[in-house]
1. Just for region 197-214: of the residues that are among the small types (Gly, Ala, Ser) and within 18 Å of ALA174 (Cβ to Cβ), which one is surrounded by the most Cβ atoms within 10 Å (Cβ to Cβ)?
2. Being assigned to a helix (DSSP H, G or I) and surrounded by 18 or more Cβ atoms within 10 Å (Cβ to Cβ) is the requirement here; does VAL83 meet it?
3. For region 215-235, indicate whether the set of residues that are of a type outside the set (Gly, Ala, Ser), surrounded by fewer than 19 Cβ atoms within 10 Å (Cβ to Cβ) and under 16 Å from VAL66 (Cα atoms) is non-empty.
4. Picking from GLY175, GLY232, GLY196, GLY246, which residue would you name as being touching an Asp or Glu at 6+ places or on another chain (Cβ under 6 Å) and not basic (Lys, Arg)?
5. Looking at (1) over 12 Å from the mean Cα position of the chain (by Cα); (2) buried (at least 20 other Cβ atoms within 10 Å of the Cβ), can you tell me which one LEU126 breaks?
6. Regarding GLY210, is this residue farther than 15 Å from GLY127 by Cα, in a loop (DSSP other than H, G, I, E, B) and within 23 Å of the chain's Cα centre (by Cα)?
7. LEU26: crowded, with 21+ Cβ neighbours inside 10 Å, under 21 Å from VAL193 (Cα atoms) and under 22 Å from the mean Cα position of the chain (by Cα), yes or no?
8. Determine the pairs where a residue that is more than 13 Å from ALA252 (Cα to Cα), located within region 225-239, has a partner that is in a loop (DSSP other than H, G, I, E, B) with Cβ atoms under 7 Å apart, the partner being 6 or more residues away or on another chain.
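All of the numbers you see were taken from the coordinates with simple rules; none came from a lab. Here the structure is a predicted model, which is why all the values come from computation and not from measurement. Because the Cβ atoms are built from the backbone with ideal geometry, glycine has one as well, and the counts that use them run over all protein chains shown.
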Amino acid sequence: MQAFTYANPASVAEAARAAAADGAKLIAGGQTLLSSMKLGLAAPEALVDLGAIAELRGITVSGGVVRIGAMTTHAAVGASAEVQKAIPALADLAGKIGDRQVRNRGTIGGSLANNDPAACYPAAVLGLGATVHTQSGTGSRNIAADDFFKGMFETALAEGEVITAVSFPVPEKAGWQKFKQPASRFSIVGVFVSKGPQGVRVAVTGAGPGVFRAKELEARLAANWSAAALAGATVSADGLNSDLHGSAEYRAALIPVLAGRAVG
């Protein structure tokens, strides 16, 4: 591992200033970055640790919105009585990410900033039509889920921009189903469905190079919110992942099946 400087800011503003330096990387739970550094796949000149910033932690529910601080761990989201009551599917998703060690170190902000194509949280953010709140040296932004995810490990975040929180509109109905790779526990295919203020949304993770919405399934569920509405539905395999865990055709076949289970 190469030498690097280390900053431990106490505020978001301080973190944003430190992150603006050339070669700096923000570190949240470190689930991906530290492993990448050990393997020589990443060599930041500076690490900016967000762990000491209290304002980045916590969960509030108000006005039909669940707001989760970026440094809130998966375990905290999964165990939150407020989240369990407002959006049970979100609590279920968070409570089944990885294993106990991952859930107690990994954070929602870190997961979204990394945007692994098989991660769970992107499906919830896109599937619920959430808003990602950020701050940088030039100000703050509120980024809609549909604008946030840009592709494999790519987001709308600018260099040095810090995710501060994520706001989820409370849906009328929502569900989550994940067909996981048993060793890594990442999604071979994961599907999050919801019906609420953002309309009907079906978000898919693990199947392609990044999270995406299954518009044809959304149209069926908008007309009839039931598993039966997805009977006979198909998803194109074009552009989907194909690897030792499953072919593109296999993943395509799983998507409507899991969506139907998520609807219940």
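1. To start, the set of residues in region 197-214 that are among the small types (Gly, Ala, Ser) comprises 199, 203, 206-208, 210, 214.
Narrowing further to those that are within 18 Å of ALA174 (Cβ to Cβ): 199, 203, 214.
Details: GLY199: 12, ALA203: 26, ALA214: 24.
Filtering first and then ranking leaves ALA203.
2. Details: assigned to a helix (DSSP H, G or I): yes; surrounded by 18 or more Cβ atoms within 10 Å (Cβ to Cβ): yes.
When the stated conditions are applied, VAL83 passes them.
3. no
4. Working: GLY175 fails: touching an Asp or Glu at 6+ places or on another chain (Cβ under 6 Å); GLY232 fails: touching an Asp or Glu at 6+ places or on another chain (Cβ under 6 Å); GLY246 fails: touching an Asp or Glu at 6+ places or on another chain (Cβ under 6 Å).
That would be GLY196, the only listed residue that is touching an Asp or Glu at 6+ places or on another chain (Cβ under 6 Å) and not basic (Lys, Arg).
5. Failing condition for LEU126: (1).
6. Numbers: farther than 15 Å from GLY127 by Cα: no; in a loop (DSSP other than H, G, I, E, B): yes; within 23 Å of the chain's Cα centre (by Cα): yes.
Considered against the rule, which asks whether it is farther than 15 Å from GLY127 by Cα, in a loop (DSSP other than H, G, I, E, B) and within 23 Å of the chain's Cα centre (by Cα), GLY210 comes out as no.
7. Details: crowded, with 21+ Cβ neighbours inside 10 Å: yes; under 21 Å from VAL193 (Cα atoms): no; under 22 Å from the mean Cα position of the chain (by Cα): yes.
No, not satisfied.
8. Here the result reads ALA227/GLY264, each pair linking region 225-239 to a residue that is in a loop (DSSP other than H, G, I, E, B).
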